[in-house]
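No value in this document is a laboratory result; all are computed from the given coordinates. What you see is a predicted model; the values in this text were computed from it and never measured. Cβ atoms come from the backbone with ideal geometry, glycine included; neighbour counts cover every protein chain shown.
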Number of protein chains: 2
Amino acid sequence: MVKLTDVAKLAGVSATTVSRVINNYGSLSQHTKDKVFAAMQELNYQPNSLARSLQGKETKLIGVIFPSVSNPFFGELVSLLESHLFAKGYKVILCNSAENKEKERAYLQMLIANQVDGIIAGAHNLGIAEYERVGLPIISFDRALSNTIPIVSSDNYTGGALATEALLKAGAKKIVILSGINQPNSPTTERLNGYADTLKAADLQPITAEIDFHTAANIKALKIHQLLVDQKPDGVFCTDDLSALLLINEAQKLGLAIPTDLQVVGYDGTKLIQDYHPELTTIMQPIDDIATLLIDLLLQRIKDHHVALQPRYQLPVKLINGQTTR
Amino acid sequence: MVKLTDVAKLAGVSATTVSRVINNYGSLSQHTKDKVFAAMQELNYQPNSLARSLQGKETKLIGVIFPSVSNPFFGELVSLLESHLFAKGYKVILCNSAENKEKERAYLQMLIANQVDGIIAGAHNLGIAEYERVGLPIISFDRALSNTIPIVSSDNYTGGALATEALLKAGAKKIVILSGINQPNSPTTERLNGYADTLKAADLQPITAEIDFHTAANIKALKIHQLLVDQKPDGVFCTDDLSALLLINEAQKLGLAIPTDLQVVGYDGTKLIQDYHPELTTIMQPIDDIATLLIDLLLQRIKDHHVALQPRYQLPVKLINGQTTR
DNA sequence: GTGAAAGCGCTAACAC
DNA sequence: GTGTTAGCGCTTTCAC
């Protein structure tokens with residue numbers, strides 16, 4: 001491992017001088033700079049960022065906690081977070097919480113131990129207290145972590161309303177919402193609220209079906225099948241696109257024509273869905289804007305831990321009309 | 001930031017003793033241990049892993065370089081790598097190379113600067129020399145990085161052969177392969193070889209269509225459309241599942257019935273495809289085994305930088321029969 | 001069984 | 001414009 005003193009020795013200067021050259025700091029003669037650069041080249045020198053950060057400098061490491069990048073939505077979001085952070089000189093430590101309390105706790109500890117500059121979290125199985133005691137800049141995506149942690153999300157309420165309106169306008173009368181388990185305080189529950197309020201305004205009864213987000217696809221399909229049989233809806237708002245795909249598949253097995261017998265609206269509108277299932281009517285979250293905002297806020301907090309931020313930031317969603325609605 | 005000396009002070013012992021307790025090292029009285037643990041609890045102490053690694057200890061950091069986790073295949077693979085590595089006490093620095101030479105180079109530099117213990121790479125745009133001079137344990141997935149870097153991949157040749165046989169057995173006579181750009185030395189090119197050899201054995205002519213893997217989906221769809229019009233194949237082997245989806249879609253637009261007029265076989269067989277497109281006949285790569293093996297080999301290299309490893313490790317693939325073949 | 005002191009690779013006063 | 005020195009938080013000889 002080649003170190004700063006090796007460079008100094010080769011260039012015939014002190015360690016300080018090399019450090020100054022690396023950090024472009026203080027006043028240096030061009031001649032010295034050249035000598036040092038040459039030595040760095042020759043030795044293929046890379047400053048040890050561990051040693052550097054030990055002085056209390058930033059580590060330029062950001063912890064990114066999401067359920068799993070195997071889910072296309074999180075895959076796309078994490079991918080965008082990574083590229084934007086890279087562009088700003090930060091590196092990502094990837095933490096897939098897998099909805100596992102112990103793992104999430106261990107990751108939080110680990111991120112502290114690794115002195116990350118901040119955390120972006122879109123998963124939570126832990127109590128608020130545990131997030132508060134972390135004492136690091138944190139910004140959350142779509143989750144209520146604590147009162148002091150800002151939440152970025154798409155405008156879930158409007159999204160739910162838009163989806164429901166689309167179904168109503170297309171003539172659906174018996175509209176079911178299929179969602180994950182709705183936690184009372186969770187931002188995503190607002191999709192349900194938007195749905196319910198819109199239906200009520202049209203004098204229709206909300207019908208709620210909840211299937212845990214992490215249920216295996218085949219089990220989920222079974223439950224969806226039963227839902228279609230039991231409820232015989234003519235419109236379903238699925239709060240994620242993958243469930244919508246499953247539902248369409250089950251509907252076809254039951255001989256239901258889409259959108260004639262049954263209309264479907266999804267939620268998320270990832271690139272994957274837009275590219276490979278353009279037929280699906282869905283609510284598109286502005287993933288890129290979400291990534292950009294999450295990072296923007298986090299970097300503000302990193303720069304100034306006490307900067308005042310809003311408790312909530314809601315980004316506008318968009319209805320994408322496909323062929324699963326009329 | 002609470003540090004080791006704070007714990008020492010509170011416990012009324014020396015820093016050395018605390019260090020010994022943390023590392024469970026040397027001989028300590030139970031009484032001392034208890035005192036120290038209590039102090040650690042009370043202060044919610046987390047050893048600073050930067051300081052620790054500065055002594056030359058492992059950082060327990062692994063760099064993971066892939067094109068992008070927004071691609072479901074890489075998303076699933078990275079997700080598995082992450083969970084297996086976590087279970088072994090390692091953390092993942094996520095590097096999405098985005099098929100960008102400069103970014104990949106910068107990432108390599110950065111990983112060195114951050115003193116990662118090793119690298120798993122499934123992307124390459126750089127010359128072999130650059131990978132060789134990294135001087136860190138590296139294991140590659142599906143790419144020829146250098147002679148000294150072991151490659152893990154699925155059995156691409158057999159995969160190509162299996163896919164082609166499936167089409168042949170189902171009666172296809174004009175079988176096209178649709179792949180990315182085939183680099184002469186790349187392991188994935190063996191899918192083409194398996195295809196070509198199988199066709200030749202049946203006295204049929206290989207017909208090759210190459211579309212760069214990173215082409216945007218809509219452009220790719222256009223090219224596929226043209227391919228179907230120009231060649232009028234009755235069987236296509238797509239070397240990735242997403243392209244197969246696109247092809248099926250374009251075929252339907254052209255009024256081609258599947259599998260009657262046209263049969264299709266994909267490649268990858270991710271969980272996503274199995275769950276949401278079980279109709280697709282495809283070659284399944286053993287993603288979990290790939291992840292496990294990559295990690296196993298890497299950890300061997302980390303433990304002993306000079307351990308002898310094979311140049312190639314090929315994991316068996318499996319044909320999954322769907323309804324896109326007869 | 002425990003502590004003092006040196007040092008990991010680097011940066012930052014403070015000198016000159 | 002450049003060097004000397006101390007120190008970041010931790011581990012590790014070497015003592016006792």
**Request:** For residue A:263, list long-range residues whose amide hydrogen, built 1.01 Å from N in the peptide plane, is under 5 Å from its own amide hydrogen.
**Result:** A:235, A:236
**Radius of gyration and maximum dimension Dmax of region A:4-54, Cα, Å** = 10.2, 30
**Complete:** Mean projected area (nm²) from the convex hull of Cα positions in chain A is 20.1
**Request:** Given a cut-off of 24 Å, name the pairs among A:3/B:88; A:271/B:318; A:60/B:33; A:223/A:253 whose C-alpha atoms lie farther apart than that in the structure shown.
**Result:** A:3/B:88; A:271/B:318; A:60/B:33
**Fill in**
Rounded to whole angstroms and listed largest first, the alpha-carbon spread of the protein assembly as shown along its three principal axes comes to 75, 67, 55
**Request:** Mind jotting down the distance between the C-alpha centroids of region B:75-110 and region B:225-273, whole Å?
**Result:** 32
**Request:** Find every distance from the label point of residue B:41 to the corresponding label point in the other copies (7 Å from Cα along Cα→Cβ) and write them in nm, one decimal, shortest first.
**Result:** 5.9
**Item:** Karplus-derived 3J(HN,Hα), 6.51/-1.76/1.60, for each residue of region A:29-41, Hz, glycine and proline x
**Value:** 7, 4, 4, 4, 3, 4, 4, 5, 4, 4, 5, 4, 4
**Request:** Report, in degrees rounded to the nearest 10, the 0 to 90 angle that the Cα long axis of helix A:287-303 makes with the longest principal axis of chain A.
**Result:** 40
**Item:** Debye log10 I(q)/I(0) at q = 0.13, 0.21 Å⁻¹ for region A:186-326, Cα point scatterers
**Value:** -0.66, -1.38
**Message:** Rounding to the nearest 10 and keeping the result within 0 to 90°, find how far the Cα-based axis of helix A:156-169 lies from the longest principal axis of chain A.
**Reply:** 30
**Fill in**
The set of residues whose placed amide H lies less than 5 Å from the amide H of residue B:186, leaving out same-chain residues fewer than 5 positions away, is none
**Request:** Let me know the mean shielding of A:93-101 by other chains, meaning the per-residue number of their Cβ atoms within 10 Å of its Cβ.
**Result:** 4
**Asked** Angle between the Cα long axis of helix B:189-201 and the longest principal axis of chain B, 0 to 90 degrees, nearest 10?
**Response** 30
**Asked** Taking every residue in A:43-55, how many Cβ atoms of other protein chains lie within 10 Å of its Cβ, on average?
**Response** 4
**Asked** Residue by residue through region A:101-116, which ³J(HN,Hα) values in whole Hz follow from phi under the Karplus form 6.51 cos²θ - 1.76 cosθ + 1.60 (θ = phi - 60°), with glycine and proline marked x?
**Response** 3, 5, 5, 5, 5, 4, 5, 4, 4, 4, 5, 5, 4, 8, 6, 4
**Asked** Taking amide hydrogens as modeled 1.01 Å from N in the peptide plane, which residues meet the under 5 Å criterion relative to residue A:138, leaving out close sequence neighbours?
**Response** A:119
**Message:** Per residue of region A:217-227, what does 6.51 cos²θ - 1.76 cosθ + 1.60 with θ = phi - 60° give for ³J(HN,Hα)? Whole Hz please, x for Gly and Pro, Karplus curve as stated.
**Reply:** 4, 5, 5, 4, 4, 4, 5, 5, 3, 4, 4
**Prompt:** How many angstrom lie between the C-alpha centres of region B:20-63 and region A:294-326?
**Reply:** 39
**Complete:** Shielding of B:70-81 by other chains, given as the mean Cβ count within 10 Å, works out to 6
**Prompt:** With the contact rule set at Cα under 8 Å and sequence spacing of 6 or more, what percent relative contact order holds for chain A?
**Reply:** 16
**Asked** Between copies, how close do the residue B:210 label points come, placed 7 Å along Cα→Cβ, listed in nm from shortest?
**Response** 5.4
